[in-house]
1. Summing +1 for each Lys or Arg and -1 for each Asp or Glu, what net charge is found among the other residues whose Cβ lies under 14 Å from the Cβ of N24?
2. Kindly sort I28, I5 by accessible area of their heavy atoms, largest first, with the probe set to 1.4 Å.
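The values are calculated or read from the model by the stated rules, or taken from the named source; none is laboratory data. Here the structure is a predicted model, which means the values were calculated and not measured. Neighbour counts are summed over all protein chains in view; Cβ atoms, including those assigned to glycine, are modelled from backbone coordinates with ideal geometry. Please note that ligands, DNA and RNA were not included when accessible areas were found on the heavy atoms of the full protein model with its side chains. Shrake-Rupley method; radii C 1.70, N 1.55, O 1.52, S 1.80 Å.
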Amino acid sequence: MKRHIKIITDGSCDLPKEVIERVNPGIIGINVCFGEESYIGGVEIDDKTFYDSTAVMPPQLRAYSAMASV
């Protein structure tokens, strides 16, 4: 019996483009918020735009995350 395996990751995985093209993982977009503006990471905002936007943010906002504390 042949098994099919699909790799799934979120949009923050930071995989190189070559790996994405070769492996073709399922990528789930995560919400990225800048003030009142909200984007789906990897879909509505690319990595360069994200990092450029965070570079001009006040330092106290750069550490903000919607990720749950562990």
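1. Numbers: positive: K6, K17, R22; negative: E18, E21.
Summing Lys and Arg as +1 and Asp and Glu as -1 gives +1.
2. Details: I28 100, I5 155 Å².
Final ranking, largest accessible area leading: I5, I28.
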